[in-house]
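The values are calculated or read from the model by the stated rules, or taken from the named source; none is laboratory data. Keep in mind that this is a model prediction, so the values were computed, not measured. Cβ placement follows ideal geometry from the backbone for every residue including glycine, while neighbour counts extend to all protein chains displayed.
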Amino acid sequence: MNYKIFVINGTPGTGKSTIGKLLNEKGYYVIEEKDLYRQLDLLNDYDDEKETYVLDEQIVHRVLNTKLEETLPSTENIVIVGHLTDLIPPRFVKKCIVLTSDLKILQDRLIRRGYKESKVKENIEAEIFKECYLRSIEAFGKDKVIEILNIDIDETINIVLNLINE
């Protein structure tokens with residue numbers, strides 16, 4: 001199958017899951033990265049202090065290279081949503097959409113979610129230094145990566161739909 005995988009990533013709280021849900025409602029096949037990694041039995045170690053799973057990136061990359069095709073359904077357009085999607089082998093990825101957010105809005109979202117102060121700080125710093133964007137460019141190349149400032153969800157979903165359907 002010649003997949004057209006569209007990756008949506010960004011710092012936690014930038015709107016990835018919201019965009020994913022809207023795309024799913026419009027009939028696109030959307031899978032959360034952590035669900036994909038769970039299906040492939042890659043979520044084994046949890047760091048209680050950082051409140052996140054610890055992934056061995058080399059193992060994830062190797063497993064995705066060999067098992068991704070048999071894990072995904074036979075459909076033309078697939079959207080994978082998460083903040084470590086740069087681990088997906090580039091040969092599968094048509095476009096990578098990196099969502100960003102206003103820092104104050106992002107901070108408020110993370111606090112509302114109940115993130116510890118250290119986790120809020122870590123994610124704000126990741127957003128400031130464009131970690132997801134830079135990792136995506138390194139993984140997929142500048143031609144495949146588009147950065148979108150997610151201020152208005154309706155505007156953002158329309159931009160994402162246009163990118164998927166072009």
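Just one of the listed residues (T85, T14, T100, T52) is touching a helix residue (DSSP H, G or I) at 6+ places or on another chain (Cβ under 6 Å) and polar (S, T, N, Q), namely T85. Taking into account only those residues within the range 1-39 that are outside any loop (DSSP other than H, G, I, E, B) and among the aromatic types (F, W, Y), which is modelled with the highest pLDDT? So, considering only residues that are outside any loop (DSSP other than H, G, I, E, B) and among the aromatic types (F, W, Y), the one modelled with the highest pLDDT is F6. When restricted to residues that are assigned to a loop (DSSP other than H, G, I, E, B), modelled with pLDDT of 95 or more and under 17 Å from T100 (Cα atoms), the range 127-151 contains 2. The single residue among K26, K67, K34, K16 that is more than 30 Å from E117 (Cβ to Cβ), of a type in the set (K, R) and surrounded by 14 or more Cβ atoms within 10 Å (Cβ to Cβ) turns out to be K67. Residues that are closer than 29 Å to E49 by Cα and not hydrophobic (A, V, I, L, M, F, W, C): does the range 154-165 have at least one? No: the range 154-165 contains no residue that is closer than 29 Å to E49 by Cα and not hydrophobic (A, V, I, L, M, F, W, C).
Cβ-Cβ distances below 6 Å connect the following pairs, each with a first residue in the range 1-28 that is among the charged types (D, E, K, R), a second residue that is outside any loop (DSSP other than H, G, I, E, B) and modelled with pLDDT under 95, and a separation of six or more residues or different chains: K4/N77; K4/K94. Given the structure, is I88 of a type outside the set (D, E), out of contact with any Phe, Trp or Tyr (no Cβ under 7 Å at 6 or more places or on another chain) and free of Cβ contacts under 8 Å to residues at least 24 places away in the same chain? Against the criterion (of a type outside the set (D, E), out of contact with any Phe, Trp or Tyr (no Cβ under 7 Å at 6 or more places or on another chain) and free of Cβ contacts under 8 Å to residues at least 24 places away in the same chain), I88 does not qualify. Scanning the range 86-126 for residues that are polar (S, T, N, Q), surrounded by 18 or more Cβ atoms within 10 Å (Cβ to Cβ) and either more than 16 Å from the chain's Cα centre (by Cα) or at pLDDT below 95 (or both) yields a single hit, Q107. Does V160 meet the test of being in contact (Cβ under 8 Å) with a residue 60 or more places away in the chain, closer than 23 Å to H61 by Cβ and touching a helix residue (DSSP H, G or I) at 6+ places or on another chain (Cβ under 9 Å)? Taking the combined requirement at face value, the residue does not satisfy it.
Just one of the numbered conditions (1) in a helix (DSSP H, G or I); (2) in contact with a helix residue (DSSP H, G or I) (Cβ under 6 Å, 6 or more places away or on another chain); (3) not β-branched (V, I, T) is not true of L42: (1).
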